[in-house]
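Below you'll find the structure, written out as structure tokens, and then a few comments.
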Amino acid sequence: MKIIKIIEKSIPLKSNVSNAVINFSNHTVSLVALVTDQVRNGRPVVGLSFNSIGRYAQSGIIDQRMAPRLLAAKPESLLQTNGQLSAEKVLACSLQNEKPGGHGDRAHAASGLELAVWDLNAKLNDEPASVLIARHYAHIAYSPKVSVYAAGGYYYPDEQTGRLEAELKAYQALGFDRFKMKVGGATLAQDMKRIERAIAITGAGNKVAVDANGRFDLAQALAFGKALQDHELMWYEEAGDPLDFELNSLLAKEYPSALATGENLFSRQDVKNLALFGGARAGLDIFQMDPGLSYGVTEYARMLNELESRGFDRKFCYPHSGQLLGLHVVAGLGLGGCEVYPGVFQPLGGFGDQILIEQGAVKISDAAGFGFEEKANLIAEFKTLLS
Ligand SMILES: [Mg+2]
């Protein structure tokens, strides 16, 4: 088995929304196609993936550094014993001659390539990627049913009275019972009113999470936490800079309910530091590392080992970015649940067109691989890579 071509294409994200720190209207994502010499039904089997949402396409790193390394490697050096590509070996080859540390855009580029291997192998086996991931990592309690929550509540340029309520009601009509909204982009008083409006729709604070996207310094994070705490929210996400473990630990000493962070940590070592120095409370706080941004499933599994070796439970892992990649990793590794963007970040946000949300959960279909073929607007983009 051999990789014969690696195709990367940058596409725009369709979303003119903002959180407390950034606007997404100019964001891009790398689509990746791994074309092999394997043929099924007269056509080459192609592994598809992308590099998650929120951190831009990585065309240069893939095209100029990683794809040439993979194409130059001896084909057998990238295989596992069953003759299929090894995700671990593909990742290691992609990272040849790269220094350790400094896990930024390179981690997102590598994710695109590593995740395409899982899509490819699952298609060769004619099974969902989640089933393959569960078998590979010996997750024996596999279930295709995944708990999901709707992420939205952004700041819109043309914000109108009642828009937030209408958005949350629309999610409820779709079958969601838990939601996440952005905070930190308005005054504390304005944000508290928005949160109270959201709770009025959900009926309970523990069905609403808030995300400050790293906006606050320590004093602001503590003040916001104090204003929030009586609502006993589902969680309070990324209050401060994602690498400020001291801030997180000081906030954890004061804020009694769940904190969440991790979507901007891209390596096992970063997660080890979070576990050691971030003040995370086992059985309460949430970890949101995203395999689509952090070198793929291989490195994500190493992160889980770090957490579990320190007494944390994988059921408290809710990967960032609601899309098909994350959904299959959550089911495959038995994590707590998955974010999903029902309305924004097209064509990537959300799951297959026919997947139903029922009482805040979805069931992964039997489609092979990550099931991109069941999301019409996304597979249409992938087809442009192969035409
Ligand atoms: Mg977030």
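Take D353 and tell me if it is in contact with a helix residue (DSSP H, G or I) (Cβ under 9 Å, 6 or more places away or on another chain), at pLDDT below 95 and charged (D, E, K, R). Yes, satisfied. Scanning the range 260-274 for residues that are more than 13 Å from G101 (Cα to Cα) and of a type in the set (S, T, Y) yields one hit, T261. For the residues A239, A252, the requirement of being in the same structural domain as M181 (by TED's automatic domain parsing), within 16 Å of the ligand (Cβ to nearest atom) and under 26 Å from N273 (Cβ atoms) singles out A239.
Determine, yes or no, whether F312 is more than 16 Å from the ligand (Cβ to nearest atom), over 23 Å from S49 (Cβ atoms) and not hydroxyl-bearing (S, T, Y).
Numbers: more than 16 Å from the ligand (Cβ to nearest atom): yes; over 23 Å from S49 (Cβ atoms): yes; not hydroxyl-bearing (S, T, Y): yes.
For F312, the condition - more than 16 Å from the ligand (Cβ to nearest atom), over 23 Å from S49 (Cβ atoms) and not hydroxyl-bearing (S, T, Y) - is met.
None of L174, L233 is within 15 Å of the ligand (Cβ to nearest atom) and in contact (Cβ under 8 Å) with a residue 12 or more places away in the chain except L233. Using the structure shown, decide if A67 is in a helix (DSSP H, G or I), crowded, with 16+ Cβ neighbours inside 10 Å and within 20 Å of the chain's Cα centre (by Cα). Answer is no for this residue. Of the residues that make up the range 283-290, is at least one more than 15 Å from the ligand (Cβ to nearest atom) and either farther than 24 Å from E88 by Cα or part of a helix (DSSP H, G or I) (or both)? Yes, the range 283-290 contains a residue that is more than 15 Å from the ligand (Cβ to nearest atom) and either farther than 24 Å from E88 by Cα or part of a helix (DSSP H, G or I) (or both). Is it fair to say A260 is among the small types (G, A, S) and either in contact with a Gly (Cβ under 7 Å, 6 or more places away or on another chain) or away from the ligand (no atom under 15 Å from the Cβ) (or both)? Criteria not met by A260. For I62, the conditions (1) in a helix (DSSP H, G or I); (2) more than 24 Å from the chain's Cα centre (by Cα) are fulfilled apart from (2).
Scanning the range 27-51 for residues that are in contact with a Pro (Cβ under 8 Å, 6 or more places away or on another chain) and of a type outside the set (V, I, T) gives H27, D37, Q38. Of the set (1) farther than 20 Å from L333 by Cβ; (2) more than 14 Å from the ligand (Cβ to nearest atom); (3) crowded, with 16+ Cβ neighbours inside 10 Å, all apply to N273 but (3).
Considering the conditions (1) under 24 Å from L265 (Cβ atoms); (2) at pLDDT below 95, N16 is excluded by exactly one of them, (1). Among the residues making up the range 301-331, a single one is outside any loop (DSSP other than H, G, I, E, B), touching a Phe, Trp or Tyr at 6+ places or on another chain (Cβ under 7 Å) and not hydrophobic (A, V, I, L, M, F, W, C): H328.
When the criteria are applied in full, G240 meets the requirement of being outside any helix (DSSP H, G or I), without any contact (Cβ under 8 Å) to a residue 60 or more places away in the chain and surrounded by 18 or more Cβ atoms within 10 Å (Cβ to Cβ).
The values are calculated or read from the model by the stated rules, or taken from the named source; none is laboratory data. This is a predicted model, so every value here is computed, not measured. Using ideal geometry, Cβ is built from the backbone for each residue, glycine included, and neighbour counts are taken over all protein chains shown.
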